[in-house]
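The values are calculated or read from the model by the stated rules, or taken from the named source; none is laboratory data. Owing to the predicted nature of the structure, the values given are computational and were not obtained by experimental measurement. Here Cβ is always computed from backbone atoms with ideal geometry, including for glycine, and neighbour counts include all displayed protein chains.
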Ligand SMILES: C[S@@+](CC[C@H](N)C(=O)[O-])C[C@H]1O[C@@H](n2cnc3c(N)ncnc32)[C@H](O)[C@@H]1O
């Protein structure tokens, strides 16, 4: 494998310490596009695979602990399934939990060993927006897809939903300014619809981009447990994290419902395009 960038080194360290953090956060929460409701944001992608012929080959880029591959295995048992990730910690979990028929590759998405035009569908859940050199990643995805093969991915849109996000950002930004070391991660174009349209130009056609809201009503404790599993908060010092926690819990206390829960969630995007 090529040398890892600072953000890729950090991602490997984080996922070695916290494998399965993403599936723990998202697998049990319902997801909604403007037109349809799904059991989870992973199920949005699994539904795309249902339109394929039974002998198709599906690649999950940045597959993590393999939660999506498990869903694909259940709904497309005849398909050939491949997962690719740079994290050994995540792939170890995936290997222990997934059927042996699923091929797992420890590789960077910027340089895949897969043959050109060998994949019918590329899926990716919460990974593309973290990747360095997204143009190289999309070029590799285009190379491995058959002509007219589809890319379907869930990426980030906003952090949390509703006023909880505003309160969080008001508290987090000044703390991060002082305490969070700079570490560029991902390409800014992956954060907007216009950016994705620009990135798809050339190698892809028929881009479709929809908002996905993952609703969630956590207690303040549940919210904090999820937040410490996110990259920026993980990188704060212990003192800064404590300050963030105490201030966030205090400032959201007036927003609790009668069951002591906050109304929030995660704001995601469902992006799709076909390979030329
Ligand atoms: C937020 S996790 C999502 C994991 C999984 N898709 C899920 O949703 O449960 C992002 C994953 O992308 C992987 N990743 C990040 N950059 C990568 C790259 N350049 N090549 C391969 N995998 C990468 C990380 O190792 C991590 O497992």
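Assuming residue 44 fulfils every condition listed in (1) touching a helix residue (DSSP H, G or I) at 6+ places or on another chain (Cβ under 9 Å); (2) within 12 Å of the ligand (Cβ to nearest atom) apart from one, which condition is it?
The one condition residue 44 does not meet is (1).
Could you tell me which residue of the range 50-63 is nearest to residue 109 (Cα to Cα), considering only residues that are modelled with pLDDT of 95 or more and away from the ligand (no atom under 12 Å from the Cβ)?
Among those that are modelled with pLDDT of 95 or more and away from the ligand (no atom under 12 Å from the Cβ), it is 58.
Take the range 1-38 and flag every residue that is assigned to a loop (DSSP other than H, G, I, E, B) and within 22 Å of residue 227 (Cα to Cα).
Across the range 1-38, the qualifying residues are 18, 19, 20, 27, 28, 29, 30.
Restrict the check to the range 205-226 and report whether at least one residue is surrounded by fewer than 13 Cβ atoms within 10 Å (Cβ to Cβ), closer than 28 Å to residue 142 by Cβ and out of contact with any strand residue (DSSP E or B) (no Cβ under 7 Å at 6 or more places or on another chain).
No, every residue in the range 205-226 fails to be surrounded by fewer than 13 Cβ atoms within 10 Å (Cβ to Cβ), closer than 28 Å to residue 142 by Cβ and out of contact with any strand residue (DSSP E or B) (no Cβ under 7 Å at 6 or more places or on another chain).
Determine, yes or no, whether residue 160 is surrounded by 16 or more Cβ atoms within 10 Å (Cβ to Cβ), under 19 Å from the mean Cα position of the chain (by Cα), away from the ligand (no atom under 15 Å from the Cβ) and at pLDDT 95 or above.
Taking the combined requirement at face value, the residue satisfies it.
Residues in the range 14-27 that are closer than 19 Å to residue 98 by Cα and either near the ligand (Cβ under 8 Å from one of its atoms) or touching a helix residue (DSSP H, G or I) at 6+ places or on another chain (Cβ under 7 Å) (or both): how many?
So the count comes out to 9.
Return a yes/no flag: does the range 204-213 have any residue that is farther than 30 Å from residue 147 by Cα and out of contact with any helix residue (DSSP H, G or I) (no Cβ under 6 Å at 6 or more places or on another chain).
Yes, the range 204-213 contains a residue that is farther than 30 Å from residue 147 by Cα and out of contact with any helix residue (DSSP H, G or I) (no Cβ under 6 Å at 6 or more places or on another chain).
Quick check on this structure: which one of 77, 34, 30 is without any contact (Cβ under 8 Å) to a residue 24 or more places away in the chain and more than 12 Å from the ligand (Cβ to nearest atom)?
None of the others qualify; the one that does is 77.
Go through the residues of the range 98-108 one by one and say whether even a single one is within 23 Å of residue 44 (Cα to Cα), more than 9 Å from the ligand (Cβ to nearest atom) and within 16 Å of the chain's Cα centre (by Cα).
No, the range 98-108 contains no residue that is within 23 Å of residue 44 (Cα to Cα), more than 9 Å from the ligand (Cβ to nearest atom) and within 16 Å of the chain's Cα centre (by Cα).
Tell me which helices (runs of 4 or more DSSP H) are completely within the range 200-276 and hold 1 or more residues being over 21 Å from residue 19 (Cα atoms), or say none if there are none.
Correct list: 220-227, 238-251.
Somewhere in the range 151-167, is a residue over 30 Å from residue 274 (Cβ atoms) and free of Cβ contacts under 8 Å to residues at least 40 places away in the same chain?
yes
Report, by residue number, each residue of the range 114-146 that is surrounded by 24 or more Cβ atoms within 10 Å (Cβ to Cβ), part of a helix (DSSP H, G or I) and within 8 Å of the ligand (Cβ to nearest atom).
Selection gives 137 alone.
Does residue 186 meet the test of being surrounded by fewer than 19 Cβ atoms within 10 Å (Cβ to Cβ), at positive phi and in contact with a helix residue (DSSP H, G or I) (Cβ under 6 Å, 6 or more places away or on another chain)?
yes
If residue 88 passes every condition in (1) within 14 Å of residue 65 (Cα to Cα); (2) free of Cβ contacts under 8 Å to residues at least 60 places away in the same chain; (3) within 12 Å of the ligand (Cβ to nearest atom) but one, which one does it miss?
(2)
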